[in-house]
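Asks: Before anything else, here's the structure in question.
The values are calculated or read from the model by the stated rules, or taken from the named source; none is laboratory data. Quantities reported herein were computed from a predicted structural model and do not represent experimental measurements. Counting neighbours? That spans all protein chains shown, and the Cβs are built from the backbone with ideal geometry, glycine included.
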């Protein structure tokens, strides 16, 4: 509905009244949690998650939310380890391939034509083709609840970054060049992504 100020207002529990749920588009663009994990039997898993971000500096902690208790969550709870891999523009198609709904024993690295690279600290493979990877150890798995305390079918996985891999070509005078990494970001539409370029950058110093 439209309120007196010309805004579309809705209460999510009553529906949004639009052709497509705007929530994901409003909280966007979002970095992609391209998560690799391994089962206790040794099966590799690689899956992208659009609910992903960084949550702490020291120790560095990242996290992703899985709608449904999927293989990534099960693997990470069992082994206590996972890796995050930067989804770049050149890897967009393989990243998309890796989100296919397949059986747990299917290797998404192979499915997407990607190369597993050994990690240094953890026993989970990284994506060799990506210029940035984090090796992570599990810190928490939290099942999300609504404001009424009712459990949802979503699990938040948080992990401490214990190893960082950066392609040296992306370090300019020792500073990581975000745009040069060509990260892609998830948007709200069913097929929408965004790219980041140097022309989108602006600088603003904090006061004080």
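Asks: When both residues are 6+ apart or on different chains and their Cβ atoms are under 6 Å apart, which pairs have a first residue that lies in the range 102-128 and is at negative phi and in contact (Cβ under 8 Å) with a residue 40 or more places away in the chain, and a second that is part of a loop (DSSP other than H, G, I, E, B) and crowded, with 20+ Cβ neighbours inside 10 Å?
Replies: Close Cβ pairs satisfying both conditions: 108/98; 112/98; 116/125; 126/119; 127/114.
Asks: Residue 98 versus (1) touching a helix residue (DSSP H, G or I) at 6+ places or on another chain (Cβ under 7 Å); (2) without any contact (Cβ under 8 Å) to a residue 12 or more places away in the chain: which is the lone unmet condition?
Replies: Tallying (1) touching a helix residue (DSSP H, G or I) at 6+ places or on another chain (Cβ under 7 Å); (2) without any contact (Cβ under 8 Å) to a residue 12 or more places away in the chain, residue 98 fails exactly one: (2).
Asks: Identify, from the list 48, 31, the residue that is within 27 Å of residue 109 (Cβ to Cβ) and in contact with a helix residue (DSSP H, G or I) (Cβ under 6 Å, 6 or more places away or on another chain).
Replies: Exactly one residue qualifies, and that residue is 48.
Asks: Is there a residue being within 17 Å of residue 85 (Cα to Cα), touching a helix residue (DSSP H, G or I) at 6+ places or on another chain (Cβ under 8 Å) and not in a strand (DSSP E or B) anywhere in the range 181-195?
Replies: Yes: the range 181-195 contains one or more residues that are within 17 Å of residue 85 (Cα to Cα), touching a helix residue (DSSP H, G or I) at 6+ places or on another chain (Cβ under 8 Å) and not in a strand (DSSP E or B).
Asks: So, restricting to strands (runs of 3 or more DSSP E) that lie completely within the range 15-119, which ones have at least 2 residues that are over 17 Å from residue 132 (Cβ atoms)?
Replies: The strands (runs of 3 or more DSSP E) meeting that bar are 33-38, 44-49, 52-56, 61-67.
Asks: Could you tell me which of the residues 196, 175 is closer than 29 Å to residue 58 by Cβ and loosely packed, with under 15 Cβ neighbours inside 10 Å?
Replies: The unique qualifying residue is 175.
Asks: Just for the range 123-173: of the residues that are outside any strand (DSSP E or B) and closer than 26 Å to residue 41 by Cα, which one is farthest from the chain's Cα centre (by Cα)?
Replies: Selected residue: 123.
Asks: Considering only the range 141-160, I want to know if a residue exists there that is in contact with a strand residue (DSSP E or B) (Cβ under 6 Å, 6 or more places away or on another chain), within 14 Å of residue 85 (Cα to Cα) and at pLDDT 95 or above.
Replies: Yes - at least one qualifying residue is present in the range 141-160.
Asks: Name the pairs: first residue in the range 66-95 and on the phi > 0 side of the Ramachandran plot, second residue surrounded by fewer than 20 Cβ atoms within 10 Å (Cβ to Cβ) and not in a loop (DSSP other than H, G, I, E, B), Cβ to Cβ under 8 Å, at least 6 apart or on different chains?
Replies: As it stands, the answer is 68/153; 68/154; 80/137; 80/138, since those pairs meet every condition given.
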